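Notes follow the structure.
A short reminder: the numbers here are calculations on the coordinates, not readings from a lab. Model, not experiment: these values are computed from the prediction. All Cβ positions, even for glycine, are placed from backbone atoms using ideal geometry, and neighbour counts span all protein chains on display.
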Amino acid sequence: MSIFPRSAFGQTVFFVGALLLINQIVSYITVTLYVVKPTFEQVNLMLAKQVKTVFIDMEDGVEMNSVISKKFFEITEIDVMTQREAYANGLGQAREYTMLSRSMSEQLNGSARVMISQGDPLVYWVEAPQAPGYWVRVPLSGFTETNVQFLVFYLSTIGFLSVLGGWLFARHLNKPLRALQVAAGKVGVGDFSTRLSEEGSTEVIEVTRAFNQMSKGIAELENDRRLMMAGVSHDLRTPLTRIRLATEMMNDEDDYLREGIIDDIEDMNAIIDQFIEYLRHHNTAELILDDINRVVEDVVHLEQQHQREIRLAAQDNLPSVMMNAVALKRVITNMIENAIRYSDGSIDVETHYIVSKKQVMICVKDRGPGIPESELEKVFEPFTRGDLARGSEGSGLGLAIIKRIISTHGGSVKLRNRKGGGLSAEVYLPVAKG
C-alpha cells in the first residue's frame, strides 16, 4: 500500500508537510552547528580556563589549597572533590559528553573527561589531566535543562503550526474542487440544477465556469431531446389512433386482420411509452423515505393478474430507503414482467438487508433460459436484447430504464444466471442514513 495520497487535497498537504519537514531538519542542523555548538564551545573554553586557574601551579608541586584562595572558591562556587566526594554529590547521575571531553582535552593539554548532570543548577564535572582522580565541580546558574530543550520545543511548535497552516490552505484550495466533484456526480445521474459559485484560484474559477457552461449545455440538450421525443410520440399517436378507429369499423369477416392491426398498434404504443420513460428525468428531489416491502407487495399484488404463481419472501423490519415510489414500482414491474415473458414456472420475489454493505436488495428469480454470461452486462445498454436466450420482443429499453432509475437512487443492478437454469435479477439500494 502506497503512503502517497491519491486525492489532490492529500497530495497538497503531503507536499507542504514534506517541504516543511525538510526545512525544519535543515534549520535544526544549521542552528546546532552554528549556534548551539559554538555556544557550548565558548562555555567549554571558559570552563577550561577556570580549571587551569584551579591547577595553575600543580606542575610546580604546590598544594592547590595553599595556592588558590578561599575567596576564589566562594566567588565562583567551584569545588574540587575526590572521586568518592564527587559521587556523593551527584556525579553518578551525570552523563559524559564525548565532544566536550575532546574539546576540554585540547584546552588542558591532556586527557580530560567532561560530564554534565541535569538539574537546577546544571553542573559541569571536569576530571583534569593535572589531577587524575579529582573532579572539578562547576555549577552553571541560569543554564537549566529547560533552556537546553527549548530549541527542540521551538522547532516542533513552528513545524506543527506550519503543517496546520498548510492543511488549512490546502483545504481552502480544494474546497471548490470538492464541490465540483459533488456537482459532477449529480450531472451524471441527470440532475442539472446545481450551479457552482465561481471562487478560488484563477485556474479553479476557469474550470468551474467551464463546468457550469457544460452543465447548462447538457441540460438544454436534454430538454430539447425530451421535447423532440414528446413531439414525435404525439405525432405518432394521432395517426395510430385514427388507424385504430378505422380498424374497429372493419367488416366482421376481416376480424383476423383487425386483431393483428390492433395488436401492432398496442405494441407501437408500448414502444413509444418505453421511449418516453427512458428519456424521462427522475430528479433526486423526488426521493422520499419509504418502506421497500410496501412497494414490492403492491407490485406483486397487481402482477397476479397474469395468472402466474408469484411467491413473495420479504424480510421483516427492513431499513427505510430514499426512493421515488412510482419509479421504483416501474422497475419491479419490468423485472417481474421480464420473468413472466421469458419463463413458464413460478417466480420468486425476495427482499433482504445486507448488513455489511448497508444495502437493501430486491431479487426476482425465474427458471427461464437465462442469458449468456458474455451478455449479462451488455443487455443494460439501450436497444440491446438477449436475443440468443430470451427472445427478441420489445424495444430493448426495459433493462436500460431499470438501470437509469436505480442509478438515480444511488443503487446498482445485477443479473446472475441461476444454477439449474433461470435468471436472478437483483437491485441494490442504499439504506437511508440516520
Over 28 Å between alpha carbons, listed pairs Lys378/Lys433; Lys365/Lys403; Lys357/Lys403: Lys378/Lys433
Once both label points are put 7 Å beyond Cα along the C-beta direction, the Thr238-Phe169 separation in nm becomes 6.6 nm
How large is the charge dipole for the range 175-247, taken about the Cα centre, if only the Cβ atoms of Lys, Arg (+1) and Asp, Glu (-1) carry charge, to the nearest 20 debye? 460 debye
Once R0 is set to 25 Å, what does the formula 1/(1 + (r/R0)^6) return for the Cβ-Cβ distance between Lys52 and Met99, expressed as a FRET efficiency to the nearest 0.05? 0.80
What whole-number distance in Å separates the alpha-carbon centres of the range 93-113 and the range 325-358? 86 Å
Give the lysines whose C-alpha is closer than 26 Å to that of Lys37, dropping any in the same chain fewer than 8 places away, or say none. Lys49, Lys52
How do the peptides 398-405, 175-182, 112-119, 302-309 rank, highest first, by the average count of neighbouring beta carbon atoms within 10 Å per residue? 398-405, 112-119, 175-182, 302-309
Which lysines have a Cα less than 21 Å from the Cα of Lys216, not counting those fewer than 8 places away in the same chain? Lys186
Do any GluC sites (Glu not before Pro) in the range 327-378 lie in a loop, going by DSSP, with at most 14 other beta-carbon atoms within 10 Å of their beta carbon, and if so which? Glu377
Quickly rank 42-51, 414-423 as a protection proxy: mean count of other C-beta atoms within 10 Å, highest first. 42-51, 414-423
